[in-house]
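Every number here is computed from the coordinates shown, using simple stated rules; none is lab data. As the structure is a prediction and not an experimental result, all values here were calculated from the model. Note: ideal-geometry Cβ built from the backbone for every residue, glycine included; neighbour counts use all protein chains shown.
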Amino acid sequence: MQMRLGFNRHKRKGLDSSFMLISWTIWRERNDRVFGRLTAQSTAQITMAITQQAQLWIETGATMMSVLGWPAAAERASTLSTLAP
């Protein structure tokens, strides 16, 4: 939390959006596992889902997330997924 206070307004907004996205994704995965709706995803799959969702959020208006480097992270993750067997 103290790290957040050291950021400027734009980075704080990006950090807040990132926190919401990551928390929501983990919560959905937890519910899927508890209620048996889907096969459990690996950590790599969850990370990929988060980066892809972040890219969509940025494209639809959560532009402050890009201040934290999300587009580059999403591009790296998609590159890694194409290299994976």
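For the subset of the stretch 2-31 comprising residues that are of a type in the set (D, E, K, R) and over 12 Å from Leu68 (Cβ atoms), which member is surrounded by the fewest Cβ atoms within 10 Å (Cβ to Cβ)?
Looking at residues that are of a type in the set (D, E, K, R) and over 12 Å from Leu68 (Cβ atoms), I get Arg9.
Being surrounded by 12 or more Cβ atoms within 10 Å (Cβ to Cβ) and closer than 22 Å to Trp57 by Cβ is the filter here; which residues of the stretch 32-43 pass it?
Asp32, Gln41
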